[in-house]
Amino acid sequence: MKKIIITGCNGQLGREINKLYEGSGEYELVNTDFKVDGVRDLDITNLEACLSLFREVKPYAVINCAAHTAVDACEVQKDAAFKINAIGPRNLSIASTETGAKMMHISTDYVFAGDGTVPYTEFDPVGPKAMYGITKLAGENFVREFAKDYFIIRTAWLYGDGKNFVKTMLRLSENHDKITVVDDQLGSPTSTAELAKAVAYLLPTENYGLFHGTCEGQCSWADFTKKIFELAGKKTEVIPVTSEQYKEMNPQSADRPKFSVLENYMFKLTTDHMYADWEKAISEYIVNYL
């Protein structure tokens, strides 16, 4: 059986990938995470640890789901953000090249400045503003430099089995009649189920390179929240606010892209794989996960 190393296996995407490959007769998952009970420990920021694991396992591929995703925390934890989001992918890329493994790396819409008006394609110039995006872009560049056979998938507004925006809004709705939500940041909410299917679609191929991977369509955070409440039967009112108003209420928050809608252009140019519309995906999530 072909072995696939999963980093960050206890994160939302890591769990979804495990669910997708469960019972597979072709692939065996080698689950790793950083100091989590019950799975193999791997510090991706340690090159020798990565090389040692890859030499032992001789994997067919690695799927890097590990990341420092706390956007506000990245602003003050810069060293940790660079280590996890940049050095980690570099180390995995070096190890994958040495052992002939495919490298699957997950990146983010935050690599863009967010001041556009039409969906970003893989061919558009990047320009991250927040430290999270800066460190994730550095990780992308290391993958390009050190991995031989690689896929990079940029995704956005991810939700699945774990801590996420959808569950936060539903939790807040339990004891709030009204919730203020930003209405001038546009993106494409994406379920881990849709992203995991795309990962599994690309992995056996030699269609290497950079891909955008989000659910189709776009909305604001406020519109997304309204849809979540509608599907979950919640009566909580959503009060739209601007990014500036939110910043006044939460001065420690990092700047978010105003417009970070991604066009899955490379998928459309090179494959017949299509992502579900964001409204269909969140509907399935509410039914199946909550």
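The values are calculated or read from the model by the stated rules, or taken from the named source; none is laboratory data. Keep in mind the model is a prediction, meaning the values are calculated, not measured. Cβ atoms come from the backbone with ideal geometry, glycine included; neighbour counts cover every protein chain shown.
Would you check which residues across segment 107-149 are over 16 Å from Ala66 (Cα atoms) and part of a strand (DSSP E or B) and list them?
Within segment 107-149, Asp115, Tyr120 qualify.
Going by what's in this entry, would Ala80 be described as surrounded by fewer than 16 Cβ atoms within 10 Å (Cβ to Cβ), of a type in the set (Gly, Ala, Ser) and part of a helix (DSSP H, G or I)?
yes
Quick one: count up the residues across segment 6-15 that are surrounded by 23 or more Cβ atoms within 10 Å (Cβ to Cβ) and touching a Lys or Arg at 6+ places or on another chain (Cβ under 9 Å).
Looking only at that region, the number is 1.
Picking from Thr121, Thr108, which residue would you name as being within 18 Å of the chain's Cα centre (by Cα), within 22 Å of Ala200 (Cα to Cα) and surrounded by fewer than 17 Cβ atoms within 10 Å (Cβ to Cβ)?
Only one candidate qualifies: Thr121.
For every residue, the table says whether it meets (1) in contact with a strand residue (DSSP E or B) (Cβ under 7 Å, 6 or more places away or on another chain); (2) closer than 16 Å to Val143 by Cβ; (3) modelled with pLDDT of 95 or more; (4) not hydrophobic (A, V, I, L, M, F, W, C).
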{"position": "Cys9", "(1), (2), (3), (4)": "yes, no, yes, no"}
{"position": "Gly23", "(1), (2), (3), (4)": "no, no, no, yes"}
{"position": "Ala49", "(1), (2), (3), (4)": "no, no, yes, no"}
{"position": "Phe54", "(1), (2), (3), (4)": "no, yes, yes, no"}
{"position": "Cys65", "(1), (2), (3), (4)": "yes, yes, yes, no"}
{"position": "Ile84", "(1), (2), (3), (4)": "no, yes, yes, no"}
{"position": "Pro89", "(1), (2), (3), (4)": "yes, yes, yes, yes"}
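Does segment 157-177 hold any residues that are within 13 Å of Tyr289 (Cβ to Cβ), in contact with an Asp or Glu (Cβ under 8 Å, 6 or more places away or on another chain) and surrounded by fewer than 20 Cβ atoms within 10 Å (Cβ to Cβ), and which are they?
Asp161
Test of understanding: among Glu75, Glu48, Glu56, which residue is over 21 Å from the mean Cα position of the chain (by Cα) and either farther than 17 Å from Ile4 by Cα or touching a residue at least 60 places away in the same chain (Cβ under 8 Å) (or both)?
Unique residue meeting the criteria: Glu48.
Going by the conditions given, is Thr69 closer than 30 Å to Lys258 by Cα and either part of a helix (DSSP H, G or I) or touching a residue at least 24 places away in the same chain (Cβ under 8 Å) (or both)?
yes
Give me a count of the residues in segment 260-288 that are under 15 Å from Phe229 (Cα atoms) and surrounded by fewer than 21 Cβ atoms within 10 Å (Cβ to Cβ).
Number satisfying all stated conditions: 6.
Considering only segment 27-38, I want to know if a residue exists there that is charged (D, E, K, R), at pLDDT below 95 and at positive phi.
Checked against the condition, which is being charged (D, E, K, R), at pLDDT below 95 and at positive phi, segment 27-38 yields at least one hit.
Would you pick out the residues in segment 179-223 that are assigned to a helix (DSSP H, G or I), in contact with a strand residue (DSSP E or B) (Cβ under 7 Å, 6 or more places away or on another chain) and of a type in the set (A, V, I, L, M)?
Leu195, Ala198, Val199, Leu202, Ala222
Just the residues that are in a helix (DSSP H, G or I) and either of a type in the set (Lys, Arg) or surrounded by fewer than 13 Cβ atoms within 10 Å (Cβ to Cβ) (or both), please, taken from segment 231-244.
Residue satisfying the conditions is Glu244 alone.
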